[in-house]
1. Among LYS347/LYS410; LYS54/LYS495; LYS102/LYS131; LYS119/LYS451, which pairs are too far apart, with a Cα-Cα distance over 20 Å?
2. Using label points projected 7 Å from each Cα along Cα→Cβ, tell me how many nm separate THR135 and ALA473, to one decimal.
3. Taking every DSSP beta bridge with both residues inside the chain, roughly what % is antiparallel (nearest 5)?
4. Using alpha carbons only, how many degrees (0 to 90, rounded to 10) separate the axis of helix 100-113 from the longest principal axis of the chain?
5. Students often forget the sequence filter, so: which lysines lie under 17 Å Cα-Cα from LYS429 once same-chain residues fewer than 8 apart are removed?
6. Suppose the chain between ILE104 and GLN125 were pulled fully straight at 0.36 nm per residue; how much longer would it get relative to their current alpha carbon spacing?
7. Using 7 Å Cα-to-Cβ label points, what is the LYS94/VAL561 separation (nm, one decimal)?
8. Rounded to the nearest 0.05, what FRET efficiency do ALA308 and ALA174 have when you use their Cβ-Cβ distance and R0 = 56 Å?
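The values are calculated or read from the model by the stated rules, or taken from the named source; none is laboratory data. For clarity, every value in this text was computed on a predicted model and none was experimentally measured. Positions of Cβ are backbone-derived with ideal geometry, glycine not excepted, and every protein chain shown enters the neighbour counts. Note: areas computed on protein heavy atoms with side chains; ligands, DNA, RNA excluded. Shrake-Rupley method; radii C 1.70, N 1.55, O 1.52, S 1.80 Å.
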Amino acid sequence: MLNINQEQAIHASGNLAVFACPGSGKTRTLIEKAAHLISPDHDDRILIVTFTKKAAGEIKERINKKIGPLSSRISVGTFHSVCKQQLEKGLSKKFNLVTGSKLIALVKRAMKQVDFEGKADDALQKIDAAKCSITAPTDAAINDLFEAYQELLRRDGKHDMHDLILDAVAEMKAGRLRPFGHKWIFVDEFQDTDHVQFEWLKLHRNPSRSITVVGDDDQCIYGWRNALGFQGMERFVNEFQAEVVTLGINYRSYREIVFPSACLINLNQDRMLKALDPARGRGGRIACNRFSTDQDEAEALANAATQAPSEWAVLARTNMALDVIELELTARQIPYTRHGGSGVWSKLATQVLLDLLQSISRQSNGGYDSLLHWMGVPEHELSQLHQHGQISYVGASYPDGDGISASTKKTINNLAIKFLDWQNLAKNKREELLLIGVSEFLMPAASTWDKEILARAISVLQRLKGSISQRIALVQRKQEEDIEGVGLFTMHASKGLEFTNVWIIRAEEEVIPSERSPESEERRLMYVAMTRAQNRLVISATSLNKPSRFISEAGLSMPKVGSPINL
Ligand SMILES: Nc1ncnc2c1ncn2[C@@H]1O[C@H](COP(=O)(O)OP(=O)(O)OP(=O)(O)O)[C@@H](O)[C@H]1O
């Protein structure tokens, strides 16, 4: 049954802002409101905008279940997908989008052009922030980087995801693109709206349309890319003359989880005070554990999740920290799904390893571009090899003066000799020796982190049983579509979701809070992660760093390494 405030939100007819604590039914209220408004008697349509594909998918599914065929009059999408659709339909625009590793490569090119020092991920974060703002970066170096990046995108005829929203706003402002015609627009997780998205919404303001936003300023975790948070929610109320409804009952989590979470977030300043009453009362569990290493942490997690994997979600501050967990789950053959971020088996180091093992086990003799590149053979020499028709490098001989350097020839010859040995080891079922040999061959060219990943990946392959091709198949196996298994999420990607049991890994100083964003935002991120748990919350740390300050701030204490595991 809905509570009185949820009912009020559902029946409000004008612009509306619903502000509330985690688990208080904001998303549920949006869904109930949509179901209430859609009627066979009129043809009103509703557009629901969210921030992640997963959240959009879940809303779609819940609406389909609730109202069946009428749900075709409700469109659900992320800001990006909605703007893409608006531009494609309204202006027949096509986008050549660049994402993932290709985007990082482009950022690296821009960094090189303007001598911008640092990691490509950090540089991309700065570019992201600039793109979500309506003013140019004030820092000259960031502005130069931003302009170089934009120029590369333009020259290559490419767009990034932000361009979709920026273009839609620019085209609507210029009068070339019409806003959506839906009578109702809903925005979930409104606290994460940035300046450009706010503009997009303003361009949809119209006396015959009602806009409903739901959000929680305590869950604003995208301040680093100019999310408006508390300020955006205030602006919406004033500029859209919206009615405000607050929800204060948490239906998701037991009291044992709600109270420490509230204790933590209460330490933040400049926030809307909200009630956070747990409707479920007592009955949940919260536990902290400390391990010597991240491998010990991964093993304890795998032990806990082995019985009912789909009841567990693992949340980490960084995507990289999930690699260790993914490797352990692979070794134990526990089903899992990695959400929002590339998995450990699609990283360059593990791909090179698996491709090489695949070639050895298939006795094939070709397709070594990625391996040779990994061994330091420059791109231009690889194309030279292809021009010479040398597609099978191993065992190939090269005429003098063919533009291939002596060191490359040495690398290839060395590989040719090893390759024959490895093929024999595979034929004779000496998998252990083969894995050691391949590991020794790949290691010298690996960066520090790649070395670690390679060593762990090799150890997983050693723990699996069978021929090399069987082990590769186990690693690469496609999980049954309906088996979710353990969910692996970054804390950012977990927003808006809920899970029976949550395990927060690496809750350590220098990890969370990270130096990359202000402490108050990191505290909100920890709060979001903690409040995803329905029944059980485990928080763990390793001895690599001190336990996160957020653990004691939440009124919890971290036991010593070696204490019995507490779940
Ligand atoms: N009136 C209610 N009675 C019982 N359960 C409810 C009620 N309203 C919401 N719930 C349940 O509470 C849980 C949390 O709801 P929902 O995900 O909509 O919250 P939310 O406010 O959007 O959360 P968050 O901000 O943390 O993402 C869901 O399982 C939902 O079904």
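1. The answer is LYS347/LYS410.
2. About 6.1 nm separates the two model spin labels.
3. So the antiparallel bridges in the chain amount to around 5 percent.
4. The helix 100-113 is inclined about 80 degrees to the chain.
5. The reachable lysines, counting only those whose Cα sits under 17 Å from LYS429, are LYS418, LYS465.
6. Full extension of this stretch gives 6.5 nm more.
7. 5.7
8. Efficiency, rounded to the nearest 0.05: 0.55.
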